[in-house]
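What follows is a set of notes on a single structure, which appears directly below.
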Amino acid sequence: MTENPYGWLADEHTDDHRWAFGTGFTDPLAGIDTTVPAGLDAGALATFCLALGDDALVYSHRLQEWMTRMPELEEETAIANIALDLLGQARMLLARAGAIVGKSEDELAFFRHEHEFRNVRLVEPSDHDFAELVGRLLVFATWRLALFERLAEHADPVLAAIGAKGVNELTYHRDYAAQWVVRLGDGTELSRQRMQTALVNLWPYLDELFRPHDVDLVTIQRGEVDVVLDTVFATAGLERPDVPARALVGGRAGRDGVHTEALGYLVAELQSVARAHPDATW
């Protein structure tokens, strides 16, 4: 390939915007007025922030599992930064929810049970290989970026600020993943085959991202995501998978607290130290 067709994904991105917001200080919302504006349902706002925070927290943990396993040091650094970005988003969103319900971000992250998490199921499984990692990241970042662009206009100023900050990072996440999907799809026959298999494996989780749910105060249309994915696939020489959606359980899925088996193991690992030493300070 003679040029990268995905520069437009990060037209307004600069290295100055690559920072793990929400990390590096004790309270991610310190000094911010967290009063819920009049006219907004505080309970619904807290639940929505919790769901978005859980998406980021769980997926950040999955990405962290790849540290020391990446093919090159440069890619390890990139994935580490993306994981930190998502951890920062999780901190601020859980802190926003916690300020409403009277709990700390640590209580929400480390002392809830599996069925109390509200993340989508896309972020739960471990990736089998690097192709699956970048494929899942492309889908997740494209979907989440579209959501955060909406969040930036939300009536709650705290949620709007979180959305505005997140747009820069998620643009980079999407660009990074898109470039790797193209590189693998347009590479050798083996890399193309593994990239196509990765897409088939994660595709059943896509429908849930666009399933209407009472939790979601902000929604996007699938077409907004499909236009980006189709452009990437066409350039990479990959086919859009034609596989059925993952079944719901009694009409419920991740936003309802119904998850895959994988989440139980992840939550146990995520919370193990905090639960073993509940009175410790860090």
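Listed residues A164, A155, A160; which is over 30 Å from A247 (Cβ atoms), open to solvent by 10 Å² or more (accessible area, probe 1.4 Å), among the small types (G, A, S) and in contact with a His (Cβ under 7 Å, 6 or more places away or on another chain)?
Result of the check over A164, A155, A160: A160.
In region 101-120, which residues are buried (at least 16 other Cβ atoms within 10 Å of the Cβ) and of a type in the set (A, V, I, L, M)?
Listed by number, the residues that qualify are L108, A109, V120.
Residues to consider are R240, R255, R246; find the one that is touching an Asp or Glu at 6+ places or on another chain (Cβ under 9 Å), open to solvent by 80 Å² or more (accessible area, probe 1.4 Å), on the phi < 0 side of the Ramachandran plot and touching a residue at least 60 places away in the same chain (Cβ under 8 Å).
R246
Is it the case, given these coordinates, that G98 is free of Cβ contacts under 8 Å to residues at least 60 places away in the same chain, closer than 25 Å to A276 by Cα and open to solvent by less than 10 Å² (accessible area, probe 1.4 Å)?
Numbers: free of Cβ contacts under 8 Å to residues at least 60 places away in the same chain: yes; closer than 25 Å to A276 by Cα: yes; open to solvent by less than 10 Å² (accessible area, probe 1.4 Å): yes.
The answer is yes for G98.
What pairs come up if the first residue lies in region 130-141 and is farther than 14 Å from E224 by Cα, the second is of a type in the set (F, W, Y), and their beta carbons are under 7 Å apart, counting only those six or more places apart or on different chains?
L133/W66; V134/W180
Quick one: is L229 closer than 30 Å to A95 by Cα and part of a helix (DSSP H, G or I)?
Answer is no for this residue.
Scan region 169-214 residue by residue and report those that are small (G, A, S) and either without any contact (Cβ under 8 Å) to a residue 60 or more places away in the chain or open to solvent by 30 Å² or more (accessible area, probe 1.4 Å) (or both).
Listed by number, the residues that qualify are A177, G185, G187.
Could you tell me which of the residues V218, V227 is among the aliphatic types (A, V, I, L, M), within 25 Å of A152 (Cα to Cα) and open to solvent by 80 Å² or more (accessible area, probe 1.4 Å)?
Result: V227 is the single residue among V218, V227 that is among the aliphatic types (A, V, I, L, M), within 25 Å of A152 (Cα to Cα) and open to solvent by 80 Å² or more (accessible area, probe 1.4 Å).
So, of the residues in region 62-81 that are among the β-branched types (V, I, T) and in a helix (DSSP H, G or I), which turns out to be surrounded by the fewest Cβ atoms within 10 Å (Cβ to Cβ)?
Here the residue is T77.
Can you pull out the helices (runs of 4 or more DSSP H) entirely within region 91-208 that have at least 2 residues that are under 25 Å from A78 (Cα atoms)?
The helices (runs of 4 or more DSSP H) meeting that bar are 130-151, 157-185, 189-202.
Output the residues belonging to region 44-61 that are open to solvent by 30 Å² or more (accessible area, probe 1.4 Å) and either farther than 15 Å from L108 by Cβ or touching a strand residue (DSSP E or B) at 6+ places or on another chain (Cβ under 7 Å) (or both).
Answer for region 44-61, where residues must be open to solvent by 30 Å² or more (accessible area, probe 1.4 Å) and either farther than 15 Å from L108 by Cβ or touching a strand residue (DSSP E or B) at 6+ places or on another chain (Cβ under 7 Å) (or both): just A44.
Which residue is modelled with the highest pLDDT, if the candidates are limited to region 206-235 and must be in contact with a Gly (Cβ under 9 Å, 6 or more places away or on another chain) and under 15 Å from R255 (Cβ atoms)?
The qualifying residue modelled with the highest pLDDT is E208.
Scan region 273-282 for residues that are open to solvent by less than 60 Å² (accessible area, probe 1.4 Å) and either under 11 Å from F110 (Cα atoms) or touching a strand residue (DSSP E or B) at 6+ places or on another chain (Cβ under 9 Å) (or both) and jot them down.
The one that is open to solvent by less than 60 Å² (accessible area, probe 1.4 Å) and either under 11 Å from F110 (Cα atoms) or touching a strand residue (DSSP E or B) at 6+ places or on another chain (Cβ under 9 Å) (or both): A274.
The values are calculated or read from the model by the stated rules, or taken from the named source; none is laboratory data. Quick caveat: nothing in here was measured; it's all calculated off a predicted structure. Every residue, glycine among them, receives a Cβ derived from its backbone with ideal geometry; neighbour counts consider all protein chains shown. Just the protein is used for accessible areas: all its heavy atoms, side chains included, with ligands, DNA and RNA removed. Shrake-Rupley method; radii C 1.70, N 1.55, O 1.52, S 1.80 Å.
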